[in-house]
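A quick write-up on the structure given underneath.
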Amino acid sequence: SYLKYIGILMIVILFSSLSLFSFTGPRLQVTHIQTQMLVGLSENVRPIVRTDLAELQKIDAYLNAAMLPSDYVYTVSSSHAFNDDILRNINLPKAPTYNVSGAAHIDKRDGFPNYFFDAQYIIVATPTQTHVEVDGQEVITYLTSAITAGKAENLEPQSKFYIDNGITLTVYKKTSTYSPEFIKLIQTHFKNIYPGYPNLNNITYSGL
């Protein structure tokens, strides 16, 4: 009988510990598969606690001052740390005073966003920010590498902001039209990566 109560107590302690496991300590960005297999829970499901809200407010203030009513900004970032929804919702419940474009996150689902070329402002995150397998987010990874390497010569960096997890957000402004060479570079890359996917091969630019 004594051992029975000890067993029940141990079970209660075990389940209580497992419940607390997901809600205590720092949130990890990477899932530990071994931990999941052992206890059925993951350290990366813990709530996100941000320490960079003041820096996000600076981004909001900068864009509010820099952008014209007809401008819009495209976000080349797709992680839980920064994406277009986070930018759009910085001042909840207030809507942003500037236009935030939707973004293509998952290649085969969203295709290539031809409207990316029309954005007057572009925010690029480094290191590259994805939230699923990198191979499935070439729109994010390739645009990030091409822009940061200076292949889009018409995009000029304006300001940098530094948020959690060592991420740098660089705001670029489109100062002129994209070159035919840059457009061809993108078209060729996605044709090679995704042959047979029309929404990733029909990459066109209006020239504006």
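The values are calculated or read from the model by the stated rules, or taken from the named source; none is laboratory data. For clarity, every value in this text was computed on a predicted model and none was experimentally measured. Here the Cβ positions follow ideal geometry from the backbone for every residue, glycine too, while neighbour counts run over all protein chains shown.
Does segment 92-127 hold any residues that are within 17 Å of residue 69 (Cβ to Cβ) and not β-branched (Val, Ile, Thr), and which are they? Answer for segment 92-127, where residues must be within 17 Å of residue 69 (Cβ to Cβ) and not β-branched (Val, Ile, Thr): 94, 95, 96, 98, 99, 101, 118, 119, 120, 121. I'm trying to understand the selection: among the residues of segment 124-170, which are of a type in the set (Val, Ile, Thr) and in a helix (DSSP H, G or I)? Hits for segment 124-170 are 134, 139, 140, 141, 144, 147, 148.
Could you run through segment 48-91 and say how many residues are β-branched (Val, Ile, Thr) and more than 11 Å from the chain's Cα centre (by Cα)? Looking only at that region, the number is 6. In segment 87-123, which residue that is hydroxyl-bearing (Ser, Thr, Tyr) and touching a helix residue (DSSP H, G or I) at 6+ places or on another chain (Cβ under 8 Å) is surrounded by the fewest Cβ atoms within 10 Å (Cβ to Cβ)? Checked segment 87-123; the qualifying residue surrounded by the fewest Cβ atoms within 10 Å (Cβ to Cβ) is 97. Filtering 119, 81, 95 for residues that are out of contact with any Pro (no Cβ under 7 Å at 6 or more places or on another chain), closer than 17 Å to residue 172 by Cα and not hydroxyl-bearing (Ser, Thr, Tyr) leaves a single hit, 119.
Within segment 113-123, the set of residues being farther than 20 Å from residue 203 by Cβ and either within 15 Å of the chain's Cα centre (by Cα) or in a helix (DSSP H, G or I) (or both) comprises 123 only. Suppose the filter is out of contact with any His (no Cβ under 6 Å at 6 or more places or on another chain), within 17 Å of residue 78 (Cβ to Cβ) and surrounded by fewer than 19 Cβ atoms within 10 Å (Cβ to Cβ); does residue 126 pass it? Yes, satisfied. For residue 173, are the conditions met, namely being crowded, with 17+ Cβ neighbours inside 10 Å and not in a helix (DSSP H, G or I)? Taking the combined requirement at face value, the residue satisfies it. Within segment 67-86, being outside any loop (DSSP other than H, G, I, E, B) and either more than 18 Å from residue 127 (Cβ to Cβ) or among the charged types (D, E, K, R) (or both) holds for 72, 73, 74, 84, 85. Can we say residue 31 is part of a loop (DSSP other than H, G, I, E, B) and either at pLDDT 90 or above or touching a Ser or Thr at 6+ places or on another chain (Cβ under 8 Å) (or both)? So residue 31 fits the description; yes. Would you call residue 184 over 21 Å from residue 71 (Cβ atoms), part of a helix (DSSP H, G or I) and not aromatic (Phe, Trp, Tyr)? Yes, satisfied. Taking the criterion of being surrounded by fewer than 15 Cβ atoms within 10 Å (Cβ to Cβ) and either within 17 Å of residue 74 (Cβ to Cβ) or of a type in the set (A, V, I, L, M, F, W, C) (or both), the only residue of segment 194-205 that qualifies is 204. Taking every residue in segment 91-114 that is of a type in the set (D, E, K, R) and pairing it with any residue that is part of a loop (DSSP other than H, G, I, E, B) and crowded, with 19+ Cβ neighbours inside 10 Å, at least 6 positions away or on another chain, the pairs with Cβ-Cβ distances below 7 Å are 107/137; 110/104.
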